[in-house]
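Here is the structure we will look at.
Rule-based calculations on the coordinates, nothing more; no lab input. Keep in mind that what you see is a predicted model, and the values were worked out from it rather than measured.
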Amino acid sequence: MLLFFNCLLYCYWSQLEIAIAIVDCAADFFNATRRLFVLSVFYFFITSVALGWAGVTAVFIYSMSDFSFSSDHPFHGHFLGEPTISAAQTALWVVLFFCFNWISTLIVDKMAFITMYSCASYYFSSEGGTDGSADVT
């Protein structure tokens, strides 16, 4: 394994130098844009709120069910009775699932757009020997 790894290093030495330069540039970018970390934490909390909203809404939709109770065995494994789920409830769950996916995709794509904008502004403002500046707003 060591011989194979050293052979790869020898054969691809020029690509390794390019890879190290790319990692160095990425480190400079993340060092210059520390607000991206705060922004991603902020969007994590926004997504958590959306997930909580979807969970509470799912419970409310489930509570709209009609429950049938059996008088012979009221506590026989079904304390709440058997729910009867209507087609309207199923449609509401589909709409809820669609809306939650739409909102979470919007949040993820917005974060990706902000990161791409910051990376592009950092790249185009940097010159040969100086680091660029990125705008994270």
In the calculated pair distance distribution of the range 78-129, what percentage of Cα-Cα distances lie above 14 Å? 73 percent
For the range 1-55, what log10 I(q)/I(0) values come out of the Debye formula at q = 0.12, 0.27 1/Å, with one point per alpha carbon and no solvent? -0.58, -0.97
Which whole number in µm²/s is D for the chain by Stokes-Einstein, with the Kirkwood Rh taken over Cα pairs at 4 °C and 1.567 mPa s? 64 µm²/s
Note the angle between two axes, namely the Cα long axis of helix 2-11 and the longest principal axis of the Cα atoms of the chain, as a number of degrees from 0 to 90, rounded to the nearest 10. 60 degrees
